[in-house]
Amino acid sequence: MPTQIQLRRGASSEWTSANPVLAEGEMGVELDTMFYKIGDGVTHWTNLSYATVRNVTSLTMADMLSQSTPSTPADGHLEFYAKLTGGRMLPQLKGPDGVETWVQTSIAQNFITAIFPSSSTTVSILGMGNSSAGTISHPGVSEIYGYAANFVTAGTASAPAGTGGTNAHLFRGSVPGGSNGFFFFCRLGFPDSTYDQAGASTGSRFFVGLTSGTMLASVSVDTLAGHNAGFQRCHTNGARTDTNWQFTTTNGVSQSLVDTGMPFVAQHVYDFYIFCPPLGGVISWRVDDKTAGTSNEGSTSTYLPDPATAMRGGFHILSVDAVARNVRMNRVYTESKR
């Protein structure tokens, strides 16, 4: 009669709760995920890595559990894993150089717009046109900012600078198909010594993200009109004086502000992420301070932009007083999810 062999098993929550030490070579299986680990006789379950498949010749489907960034692999090896990035699940790669790389969706499936540094007083565009404000230049490459386009406001009161898509084309989505859902990424540096208010009618406002109005309208007031999903930082006399980046959503009537907990620090570089799946009822965000090496993320379902209202992506600064203020742009990227 055949001999039945059963492996040590349980739900993932049971493994985490018990947190045993598997014997050397002993296998433990999560019945709800079908992932497994192999013990070394020393390490507790929660600190063990999941076992990996080696020398695969045929694989019809891979179900990967989201994880934090793995350690840098040895020479000749490549880690392939799933990771939640600003609320969006993405397959990623990491090689011996320690660099994480997204495995992106095809641009044949999703409409993208990207704004890049170029040369002289222009920027490069992929996907559609853009509209810019302020004076554009291209300073020498630096370790902090990389190769970036510099946008500077005029030295007059209420002067704007920045760029964004000419056409509003990104929707949260109200019907299947079409152009629904969005992913936004932007890297900016803030090279000035201060952007804060220092007296009557002084200071600045920033907006980074998606808006149904003009990019200028996104920085003209603290309380936004129209439909928006983006990062704000206002520091103006007599109004808001934000210490941290705020994530804001508006639905044409009301505005929600979420404190990201990420301080705004002059002369730092930041990465901004915004994600909404097609027909989504939640918008996720993430902000990284690349200079400090810190990251915060979250999500909101409050006062979301109307699902059938189109928005454009970009960034803007407004200098309230007659002070020329600078922003360095490395990349603006928007992607529809259909």
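Can you tell me which residue is farthest from Phe184 (Cα to Cα) among those in the stretch 272-328 that are basic (Lys, Arg) and not in a loop (DSSP other than H, G, I, E, B)? Spell out the reasoning first.
As a first pass, look at the stretch 272-328 and keep what is basic (Lys, Arg): 286, 290, 312, 325, 328.
Applying the additional criterion that residues be not in a loop (DSSP other than H, G, I, E, B) yields 286, 312, 328.
Numbers: Arg286: 10, Arg312: 10, Arg328: 18 Å.
Out of the qualifying residues, it is Arg328.
So, in the stretch 233-279, how many residues would count as being farther than 23 Å from Lys290 by Cα and within 14 Å of the chain's Cα centre (by Cα)?
Here the count works out to 2.
Could you identify the single residue in Phe151, Phe206, Phe183 that is hydrophobic (A, V, I, L, M, F, W, C), under 23 Å from the mean Cα position of the chain (by Cα) and farther than 21 Å from Ala324 by Cα?
Exactly one residue qualifies, and that residue is Phe183.
For the stretch 261-318, give me each residue that is more than 28 Å from Ile144 (Cα to Cα) and free of Cβ contacts under 8 Å to residues at least 24 places away in the same chain.
Gly281, Ser301
Please find, within the stretch 154-172, the residue that is nearest to the chain's Cα centre (by Cα) out of those that are closer than 13 Å to Ser204 by Cβ and surrounded by 15 or more Cβ atoms within 10 Å (Cβ to Cβ).
Gly162
Can you list residue pairs whose Cβ atoms sit under 8 Å apart, with the first residue in the stretch 203-228 being over 17 Å from His169 (Cα atoms) and not assigned by TED's automatic domain parsing to the domain that holds Cys186 and the second being outside any strand (DSSP E or B) and among the β-branched types (Val, Ile, Thr)? Count only pairs 6 or more apart in sequence or on different chains.
That search, which allows pairs on different chains as well, returns nothing.
If you scan the stretch 1-19, which residues turn out to be surrounded by fewer than 12 Cβ atoms within 10 Å (Cβ to Cβ) and under 12 Å from Asp32 (Cβ atoms)?
Result: Ser13, single match.
Counting only residues that are out of contact with any Leu (no Cβ under 8 Å at 6 or more places or on another chain) and farther than 20 Å from Thr166 by Cβ, how many does the stretch 226-254 have?
Pass one, the stretch 226-254, residues out of contact with any Leu (no Cβ under 8 Å at 6 or more places or on another chain): 226-227, 231, 233-245, 252-254.
Then drop every residue that is not farther than 20 Å from Thr166 by Cβ, which leaves 231, 233-245, 252-254.
Total satisfying the criteria: 17.
Give the number of residues within the stretch 229-260 that are in contact (Cβ under 8 Å) with a residue 24 or more places away in the chain, of a type in the set (D, E, K, R) and not in a strand (DSSP E or B).
Selection size over the stretch 229-260: 0.
Restricting attention to the stretch 161-171, which residues are more than 15 Å from Leu126 (Cα to Cα) and touching a Gly at 6+ places or on another chain (Cβ under 6 Å)?
Of everything in the stretch 161-171, just one residue is more than 15 Å from Leu126 (Cα to Cα) and touching a Gly at 6+ places or on another chain (Cβ under 6 Å), namely Ala161.
The values are calculated or read from the model by the stated rules, or taken from the named source; none is laboratory data. The model shown is predicted, which means the values in this text are computed figures rather than measured ones. Virtual Cβ from ideal backbone geometry, glycine too; neighbours counted across all protein chains shown.
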